[in-house]
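Single-structure report; data block below.
Just so you know, all these numbers are worked out from the coordinates, no wet-lab data involved. The model shown is predicted, which means the values in this text are computed figures rather than measured ones. Heads up, the Cβs are rebuilt from the backbone with ideal geometry, glycines too, and the neighbour counts pull from every protein chain shown.
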Amino acid sequence: MDESIVDSDETLRHPLTALTLVVALTIPWTVARLTGAAGSLPTVAVIALSGTAVLGAAFVLTWAAETAEKDVPRAFALAVLAVIAVAPEYAVDALYAWEAGLVPGSPASEAAADLAVANMTGANRILIGLGWSGIALYAIYRAMKNPDQAVERREGLLTDQVRLNDRISIELIFLAIATVYAFFIPFNDGIDVFDALFLVGLYVTYIAVILKGDAGEETHLGVPGYLQGLARGPRIASVLALFAFSAFVILIAVKPFAKGLETLGPMIGLSSFFMIQWVAPLASESPEFIATAYLVRKARTTASFNTLISSKLNQWTLLIGTLVIVYSFSLGYYDSLSFSARQAGEIWLTAAQSFFAVVLLVDLTISIPPVLPHLRGPARRLGHLPRHRAGPARGPPGPPPGPVGQSPRSRQRGPELATPRRLTRRVRPHLDAG
């Protein structure tokens, strides 16, 4: 009896069990889409099934990329991992950038371009606001029970801190450069080819720099570690199969998931903009959060933060830089991806958060007091959801929208927020006069 219990426990802990469970997450939507049953599903069911499929595919994609490091040149592995790290976010962003190019100059094109920028800024802010902060708090909490070399215990209330590896300073330098550059993107009224060349070129330079350092092989755990232990033939076949499967699932799931969020938002009193900026990135970022939390549980906090910071650099360079490329392919000719004045503010806000995070990590430590402002940002957003609920107003109508310099929160009460074109007309004369 005892031996059977032990065998059962070992089976549950086996990496192939985890792989099977994750692949199972993609089956319901795949079957519904291939059989045509997806068209008759309600919006909530479409979001749940397609979102779960994207979640499972993201896990499979990440495991395949980590396994591939054993059989391909390191430079190629880094390039593949860079794309893999932003693949779920890129899929949603590419969808809206492509739709923006189908009907150029129309209100639908402007709305799609704004949603592409919204998803990009939301993913970046969630990665720092919830990812960096949440993993830091989790590492400090875990260190109370299980010692972690990366966590420094100090006397006093909420004084413990996480110390990062010195090698992450390279990522921080490149992240700082990309952040400073991002402040200037809105002045061009869009993302153009020069932005793409600079940001993508910056990431290529980053890869070239880290290739000159130590090329030691990282030891992977779980599914990648198990697959890397296979013979070369089965290992390569497994990687190719996982890549093909996950790419197929993302291809058939990401558009219904994004469109479902657009539809659901107004149904529950929320804007489509909010759903694409905050809810969609939560689904696409969750595999990375779970993976880094798993590293913390294994007392590998430094490795988890290396992954998070590198992923932020990927999203802040490759993700932005490729939007204009997808948009131009959709157009059939080159043009910059324009966005509204509201999205310019979102980019500045995201860049400010990124700059604040880089400054906090200058000494390669992160402690609890600086973490709390990052968490308050997303929490404040979610805390004001009742204001956007549909239905008649219960009080007297609010004051009319104030001037451009008025706070964003007060401007949200005005009806002009739903028409970015009007807001652009209000802002542009001031810019021209300056």
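A few points about this structure:
- By other beta-carbon atoms within 10 Å, ranking 141, 333, 206 with the fewest at the front produces 333, 141, 206.
- Spin-label model, residue 333/residue 17: points 7 Å from Cα along the beta carbon direction are separated by 6.0 nm.
- Two numbers describe the Cα atoms of segment 289-334: Rg and Dmax, which are 16.3, 50 Å.
- Expressed as a fraction of 2.2 N^0.38 Å, the C-alpha radius of gyration for segment 173-309 is 1.38.
- Extension gain for the segment residue 173 to residue 231, taken as residue separation times 0.36 nm less the Cα-Cα distance, is 17.0 nm to one decimal.
- Taking only the C-alpha atoms of segment 315-362, the Rg (one decimal) and the largest Cα-Cα distance, Dmax (whole number), read 13.9, 44 Å.
- Loop sites in segment 192-291: GluC sites (Glu not before Pro), DSSP, at most 13 other Cβ within 10 Å: 217, 218
- Segment 230-345, Rg to Rh (Cα coordinates; Rh as Kirkwood inverse mean 1/r): 1.04
- For segment 186-336, the Cβ-based charge dipole about the Cα centre amounts to some 640 debye (Lys, Arg positive; Asp, Glu negative; other atoms uncharged).
- Positive dipole terminus of segment 106-207, leading residue within 108, 180, 165 (C-beta point charges): 165
- For segment 120-211, the spread of Cα coordinates along the three principal axes comes to 51, 31, 18 Å, biggest extent given first.
- The trypsin sites (Lys or Arg not before Pro) of segment 107-187 meeting both criteria, a DSSP state outside H, G, I, E and B (loop) and at most 14 other C-beta atoms within 10 angstrom of the site's C-beta, are 145, 153, 154.
- Per-residue Cβ neighbour rank within 10 angstrom, fewest leading, 20, 307, 263: 20, 263, 307
- Segment 124-235 - percent relative contact order, Cα under 8 Å, separation 6 or more: 13
- Counting all C-alpha pairs of segment 131-181, share separated by more than 12 Å (%): 69
- Net charge contributed by nearby residues that have their C-beta within less than 13 Å of residue 104 (K/R +1, D/E -1): -3
- Computed on segment 218-315, with alpha-carbon pairs under 8 angstrom and 6+ residues apart, the relative contact order is 11 percent.
- The packing ranking, built from the mean of other Cβ atoms within 10 Å per residue, places the peptides 270-278, 181-189 in the order 270-278, 181-189, highest first.
- You can think of it this way: the chain between residue 37 and residue 184 has 48.3 nm of extra reach, that is 0.36 nm per residue less the Cα-Cα gap.
- Convex hull volume of the Cα atoms of segment 165-248, normalised per residue: 168 Å³.
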